[in-house]
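Below is one structure; the comments refer to it alone.
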Amino acid sequence: MKKVSFFMTLLAAVALLAVGCETPEPLPGEGDGTEQTPEGDNQNPDGDEGKEDGKEDGKEDGDDPVQPQANFAISVGEITGSCATVSVEPKDGSMAYYYDVIERTEYEKYSDPKQLIEEIVADIKSYIEIMKEYGETLTFNDFLSVGKSTWYYTCDLVPQTDYYVYAAGISASGEITTDVEVLPFSTIEAKMSSNTFTVSHEGEIITVTPSIENEYYLLNLYYTEDLAGATDSEIIAAVLEEAAEWGMSYYVGGYGLNEFDYTGMLENGDDLTVCVFGYDGIVTTPLTKYRFVYETSGGSTDLGLVEGDTSLTKSVTMAATECYAVDFDDYYQTGTRNLYVEMYKGESEVVFFDMFVPMSQTTFPAGEFPISTISETGKENSVMPGCIDAEGYVYGTWWGTLDAEGYFVDYAAAVSGALASEQSAAGHKVTLTFKDVAGNTVTATYDGEVQLFKESDLQSLSTGARLYRSHSGKKILSKSIAATKQPRAKLMPINRTASRKVTLR
């Protein structure tokens with residue numbers, strides 16, 4: 001059974017990445033007494049009804065952390081049960097600063113608010129070090145704001161709860177440069193809604209149209225088989241559980257008409273169900289489900305690939321001693337069956353290639369298979385040329401030598417040539433001859449049994465079978481091609497890319 005979620009795996013637990021939204025239309029709470037600014041437009045912004053003379057929980061006058069804002073102008077608007085729009089503008093327009101929202105009870109645990117900022121500085125430094133391990137270089141400035149900044153805390157807050165917006169100047173080296181300034185606000189009571197949702201799709205684009213434009217909703221896409229036997233309440237609970245685990249902002253569909261782009265993430269024949277329901281800190285509507293089967297029209301697939309590279313300086317030949325193949329069905333969604341083949345000479349040399357045969361072909365084929373162009377990927381009875389995608393992963397036909405750790409040292413991508421396959425006493429006689437981008441000729445031969453596996457067999461292959469490398473590509477890194485398996489990651493729609501903003505608390 002396929003994995004339930006279509007959402008991206010987070011790299012580190014240090015931070016939850018929040019997602020910014022387009023500037024929204026006015027929501028309930030704007031202009032009705034719940035919009036809260038430093039000027040005191042909101043009556044009782046602390047939510048402390050019945051308190052006298054500013055005394056609270058044993059605090060004397062002067063203990064209130066809300067001080068005149070000397071360095072920042074802070075405002076909060078568009079408040080609902082779980083959402084708010086926060087704007088912060090420093091009076092020194094060139095000053096770098098950090099700001100966020102925190103529950104009042106948590107903020108008041110700090111005897112000195114600078115302790116909170118010091119913890120955040122330490123967390124950012126730790127996060128920067130962690131991301132170095134993933135090859136991403138970040139600086140402190142990547143987590144700071146300059147000039148006026150507006151952030152949308154969308155469905156992240158708790159109804160009828162007191163919060164503080166806090167802000168402090170921080171230098172590029174992590175030094176705190178100002179006092180911590182705060183603005184209190186309170187979320188309102190969340191209520192049930194009469195909102196309804198109409199869902200449609202065109203290809204890989206899913207459209208959600210609500211009957212009420214200014215209310216938020218949550219959305220997820222499931223394989224229909226994973227919902228078998230589940231009640232609406234159980235489905236809603238599953239969405240909320242995933243949202244809590246991966247970050248609420250990834251599941252917020254927004255409000256008003258929205259399109260969600262799943263280009264490249266759906267496979268032909270996928271039976272899918274969209275699940276949508278209103279949310280404002282509580283579930284505000286019944287569940288709406290929309291089921292459809294994704295179908296493609298076949299033909300060539302634009303994978304965004306470019307011609308491969310080479311490190312060869314002369315022609316080479318390779319007499320393979322092992323050959324393995326995997327049937328990936330219509331992997332490239334071109335209406336043809338994709339066979340991925342690896343040919344090895346001992347532990348040090350390999351050729352791998354993608355070939356395309358009719359969907360009716362279920363055994364390793366015999367015949368002549370010319371190497372196609374990139375634009376002809378998926379053409380029946382052809383072999384894919386050596387290609388690289390925008391992220392540096394390789395596809396199609398390549399030759400390479402391996403180091404002791406299984407990484408390619410020298411390599412060459414096929415530009416032209418052909419594969420010849422015929423029956424032999426030992427099983428098959430396979431000859432692949434191609435030219436690389438420098439004009440060198442690579443010739444690889446194999447005479448013996450070609451073991452053909454199904455994709456589902458890959459999890460149970462013996463250690464004698466080599467097919468541990470990812471069919472989805474190997475990446476060129478400093479003139480080496482990583483030959484490690486790249487598992488299929490959780491996916492999110494293209495328009496749900498996480499931003500740099502980091503909520504550390």
(message) Let me spell it out: the conditions are (1) surrounded by 14 or more Cβ atoms within 10 Å (Cβ to Cβ); (2) farther than 30 Å from Phe292 by Cα, and Ser173 meets all of them except one. Which number is the exception?
(response) (1)
(message) Quick check on Ala228: is it on the phi < 0 side of the Ramachandran plot and without any contact (Cβ under 8 Å) to a residue 12 or more places away in the chain?
(response) yes
(request) Among the residues of region 193-206, write down those that are assigned to a loop (DSSP other than H, G, I, E, B) and under 17 Å from Gly254 (Cα atoms). (result) Ser193, Ser194, Asn195, Thr196
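Among the strands (runs of 3 or more DSSP E) confined wholly to region 65-111, which include 3 or more residues that are more than 28 Å from the chain's Cα centre (by Cα)?
Fully inside region 65-111 and qualifying: 72-77, 84-90.
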(message) Given the options Gly367, Gly335, Gly346, name the one that is under 35 Å from the mean Cα position of the chain (by Cα) and either closer than 17 Å to Glu449 by Cβ or small (Gly, Ala, Ser) (or both).
(response) Gly335
(request) Identify all residues within region 121-152 that are touching an Asp or Glu at 6+ places or on another chain (Cβ under 9 Å) and under 18 Å from Gly247 (Cα atoms); write none if there are none. (result) Trp151, Tyr152
(request) Specify the residue that is surrounded by the most Cβ atoms within 10 Å (Cβ to Cβ); the eligible residues are those in region 119-134 that are out of contact with any Leu (no Cβ under 9 Å at 6 or more places or on another chain), more than 24 Å from Gly93 (Cβ to Cβ) and not basic (Lys, Arg). (result) Ser126
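Listed here are the residues, each with its yes/no results for (1) among the polar types (S, T, N, Q); (2) farther than 26 Å from Glu295 by Cα; (3) out of contact with any helix residue (DSSP H, G or I) (no Cβ under 6 Å at 6 or more places or on another chain).
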position	(1), (2), (3)
Ser200	yes, no, yes
Glu234	no, yes, yes
Ala244	no, yes, yes
Val252	no, yes, yes
Glu259	no, no, yes
(message) Filter region 101-118 down to the residues that are under 13 Å from Ala168 (Cβ atoms), surrounded by fewer than 17 Cβ atoms within 10 Å (Cβ to Cβ) and touching a residue at least 40 places away in the same chain (Cβ under 8 Å) and list them by number.
(response) Lys114, Glu118
(message) Looking at Val165, Val158, Val146, can you tell me which residue is surrounded by 18 or more Cβ atoms within 10 Å (Cβ to Cβ), β-branched (Val, Ile, Thr) and modelled with pLDDT of 90 or more?
(response) Val165
(message) Quick check on my filter: what residues within region 352-380 are farther than 11 Å from Gly396 by Cβ and charged (D, E, K, R)?
(response) Glu368, Glu376, Lys379, Glu380
(request) Quick one: in region 312-327, of everything that is assigned to a loop (DSSP other than H, G, I, E, B) and buried (at least 18 other Cβ atoms within 10 Å of the Cβ), which residue is nearest to the chain's Cα centre (by Cα)? (result) Leu312
(message) Going residue by residue through region 336-349, is there one that turns out to be modelled with pLDDT of 90 or more, touching a Lys or Arg at 6+ places or on another chain (Cβ under 9 Å) and either outside the structural domain of Ile205 (by TED's automatic domain parsing) or under 26 Å from Gly203 (Cα atoms) (or both)?
(response) yes
(message) Quick check on my filter: what residues within region 134-179 are among the polar types (S, T, N, Q) and either in contact with a strand residue (DSSP E or B) (Cβ under 9 Å, 6 or more places away or on another chain) or part of a strand (DSSP E or B) (or both)?
(response) Asn141, Ser145, Ser149, Thr150, Thr154, Gln160, Thr161, Ser171, Thr177, Thr178
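The values are calculated or read from the model by the stated rules, or taken from the named source; none is laboratory data. If you're wondering where the values come from, they're calculated on a predicted model, not measured in any experiment. Positions of Cβ are backbone-derived with ideal geometry, glycine not excepted, and every protein chain shown enters the neighbour counts.
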